[in-house]
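Here is the structure we will look at, set down as structure tokens.
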């Protein structure tokens, strides 16, 4: 699954994927470190396997981070370091499409940084960020945190901000968003879907005004008139 080219960001539903989530010492992919990583493998829309591990970050976990995720220095004192855990997670994920919430701007930055540091390469998996997918499917919402989407769909958010619990929550949300996309294919005024690749179409501006363009551009160059 590793190479020198990062995977593509997709805005579509797939039925076979790996949901993953990180907990970290803070919000900076430059200065902070991973303290927990979890993933669940989904085959034909069903959870079939899980992966989870605490990580010793080799540094103090700030009080602010501990207040959010509940992970303390004492909990990770005997945990393996991220070089060991990341390798096991990448083996678990294989070549699957990765799914996660805000992974485009957050989680994947940690994965890419540390995979390159430890192994001299980065995962080439395509991925779906449920944050941007939810914004496309549910424009009427005002907030798109994972817990907000769980509340919207009536999904329990108990245990939120621990990586494995967030994976299970997000898997259910992704399945709901898949149904939104399916409805969009059939309903006038619903989410517009690219007939070539199945990704979300977005309004774009060009030389001759607005048009519908596939979010998979440049891999998919399908366009439609407004």
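Every read-out reported here was derived from the displayed coordinates using simple, explicitly stated rules and does not represent laboratory data. Given the structure is predicted, the values throughout are model-derived calculations rather than measurements. Quick reminder, even Gly has a Cβ in these numbers, built from the backbone with ideal geometry, and neighbours come from all protein chains shown.
So how do 144, 217, 31 line up by other beta-carbon neighbours within 10 Å, fewest first? Show your work: numbers first, answer last.
Working: 144 17, 217 14, 31 9.
Ranked by crowding around the Cβ, least crowded first: 31, 217, 144.
So how do 132, 38, 142 line up by other beta-carbon neighbours within 10 Å, fewest first?
142, 132, 38
Using only Cα atoms, tell me the angle between helix 82-93 and the longest principal axis of the chain; keep it within 0 to 90° and round to the nearest 10.
Result, in degrees: 40.
Quote to one decimal, in nm, the extra length available between residue 151 and residue 104 on full extension: 0.36 nm per residue of separation minus the C-alpha distance between them.
Answer, rounded to one decimal: 14.7 nm.
State the Kirkwood hydrodynamic radius of the range 111-184 in Å, one decimal place, computed from all pairs of distinct Cα atoms.
Result for the range 111-184, one decimal place: 13.9 Å.
Using only DSSP helix segments of four residues or longer, with each worth -39500 (n - 2.57), what per-residue ellipticity at 222 nm results for the chain after dividing by its residue count and rounding to 500?
-10000 deg cm²/dmol
Compute the helix-to-body angle for 108-119: its Cα long axis versus the longest principal axis of the chain, expressed 0 to 90° and rounded to tens.
Approximately 50 degrees, to the nearest 10.
Per 0.36 nm of contour for each residue apart, how much would the distance between residue 118 and residue 8 grow if the chain were fully extended, relative to their Cα-Cα spacing?
Gain on extension, residue 118 to residue 8, equals 37.4 nm.
Quick one: helix 163-186 against the long Cα principal axis of the chain, what's the angle to the nearest 10°, folded into 0 to 90?
Tilt relative to the chain: about 0 degrees.
For the chain, what Kirkwood radius comes out of the mean inverse Cα-Cα distance, in Å?
18.5 Å
Could you please rank 155, 111, 40, placing first whichever residue has the fewest other Cβ atoms within 10 Å of its Cβ? List each step's numbers first, then the result.
Details: 155 19, 111 27, 40 22.
Least crowded to most crowded, the residues run 155, 40, 111.
Which residue fluctuates the most in the chain, going by a Gaussian network model with Cα springs under 10 Å, if the choices are 109, 205, 56?
Comparing 109, 205, 56 in the GNM, the peak value goes to 205.
Per 5 Å bin, what is the whole-percent P(r) computed from every C-alpha pair distance within the range 1-115?
2, 11, 22, 23, 20, 12, 8, 2, 0
Do you know the relative contact order of the chain, to the nearest whole percent, from alpha carbon pairs under 8 angstrom that are 6+ apart? Mind dumping the intermediate values first?
Values: 410 pairs, mean separation 52.5, N = 226.
Reported as a whole number, the value is 23 percent.
How high is the FRET efficiency from residue 225 to residue 27, r the C-beta distance, R0 45 Å, rounded to 0.05?
The calculated FRET efficiency here is 0.60.
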